[in-house]
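Computed from the coordinates by the stated procedures, all read-outs in this text should not be read as laboratory data. From a predicted model like this one, the values you see are computed outputs, not experimental measurements. For neighbour counting, all protein chains shown are included, and Cβ atoms are generated from backbone atoms with ideal geometry for every residue, glycine included.
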Amino acid sequence: MKTNPDIVLTSFAAGGGCACKIPPGELEEAVRGLTGVTDPNVLVGLDDGDDAAAVRIADDLAVISTADFFTPVVNSAYDWGRIAAANALSDVYAMGGRPVTAINLVAWPRETLPLELLTEVLRGGMDVATAAGAPVTGGHSIDGPEPVYGMAATGIADPATLMRNDAAQAGLPLTLTKPIGVGLLNNRHKSTGEVFQAAIDTMTTLNRDASRAAVAAGVRAATDVTGFGLLGHLYKMARASGVSAVIDHTAVPHVDGADEALRDGFISGGSRRNLDWVRPHLQAEGVSEEDLIMLADAQTSGGLLVVGEVPGYPVIGEITAGTPGQITVR
């Protein structure tokens, strides 16, 4: 795809990818008091901060609704579009659903960035959505100070097989379907311009196959690992489910190049905030601060964190009975 090498997209954004999320503690405070929907057809709403909403419209059919957008995470406009689309659709897959349509969400500084570049972003998003079987059917755009792109996605699922973040049960293994560390590589890319194909490849890979395999294996609890890092999303799931969790940090796969980026200090502020948020609920005797930072690394379009064993993907820990939300890293 054509791109202008003189335009450095990431330089137009204060943050990048899911690392620019509002910190989890602040976000929870902002929505406090807005939960507690009583409509019996709302199967999943605001209460536990799940990946998407699910509303039953028939006995055997639920509609899944979600939206996700962020500032540029890479300098390639086409790849940014692909990553943002895969990330938005991931919320549907995290609940065991099938995306059926998507609409674009855009903010664009039209006086500083050419519209031809926006076309590349939209083309990237459309290519991924088409591959997912979710036609892009419209969208909304504004003239804004920073480039922002994402999608609102609609999916469907059988209510009986819905995966949710408050259904984790003690005694079951934890499976992770993508390596972590893309936040470190994205931060390095923004600072140096180096391109890390392994990071782009994992961020543009749909969680479709992992989701289907999890549903087929009878999984009922899952979430995707994005801006709050592996530790943050696991904490949310364990807290919502009233369970504890144990992680073997040596079993967690890292994307190629992430360890070197960590060593060289390319750590985002979002990752540090993730660790600070989870630390009061963390037991990690003998585990280095660097290893904890990696586990808290703010992911963009990360994998699924599944309560259960899914063939072909690594088991990284287990769910245990104990203090709700407590995580032990060993």
Practice task
Please give the FRET efficiency for L115 paired with I156, using the beta carbon to beta carbon distance and R0 = 41 Å, rounded to the nearest 0.05.
Solution key: 0.75
Practice task
Evaluate the distance, in nm, between pseudo-label points positioned 7 Å from the Cα of A167 and of E285 along their respective Cα→Cβ axes.
Solution key: 3.6
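Report the calculated FRET efficiency for L61 and T130 (r = Cβ-Cβ distance, R0 = 30 Å), to the nearest 0.05.
Working from the Cβ atoms, E equals 0.80.
Between R212 and D143, what FRET efficiency comes out of the Förster formula 1/(1 + (r/R0)^6) with R0 = 41 Å and r the beta carbon distance, rounded to 0.05?
Efficiency computed from Cβ-Cβ geometry: 0.55.
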Handout entry: Nitroxide proxy distance, nm - points 7 Å out along Cα→Cβ at R123 and D47
Key = 4.7
Handout entry: In nm, spacing of pseudo-spin labels at D276 and E194 (7 Å Cα→C-beta vector)
Key = 2.7
Exercise for the section: Give the distance, in whole Å, between the Cα centre of the range 54-127 and the Cα centre of the range 254-274. Expected result: 25
Handout entry: Per-residue HN-Hα couplings for the range 268-280 [Karplus 6.51, -1.76, 1.60; θ = phi - 60°; Hz; x = Gly/Pro]
Key = 7, x, x, 5, 5, 5, 4, 5, 4, 5, 8, 3, x
Completion exercise
Ordered by fewest other Cβ atoms within 10 Å, a rough proxy for footprinting exposure, R263, R273 read R263, R273
Problem - Label corresponding to Kirkwood radius over Cα pairs in Å when calculated from the structure given, among [x] 20.6; [y] 19.7; [z] 23.0 - result: [y]
Fill in the blank from the handout: Note: D248 to E29 extended length (0.36 nm per residue) minus current alpha-carbon separation gives 75.8 nm
Problem - Helix-only CD estimate at 222 nm, as mean residue ellipticity for the chain, using -39500 (n - 2.57) per DSSP H run (n ≥ 4) - result: -9500 deg cm²/dmol
Practice task
Collect residues whose amide H, placed 1.01 Å from N in the peptide plane, falls under 5 Å from the amide H of I180; neighbours closer than 5 in sequence don't count.
Solution key: H254, V255
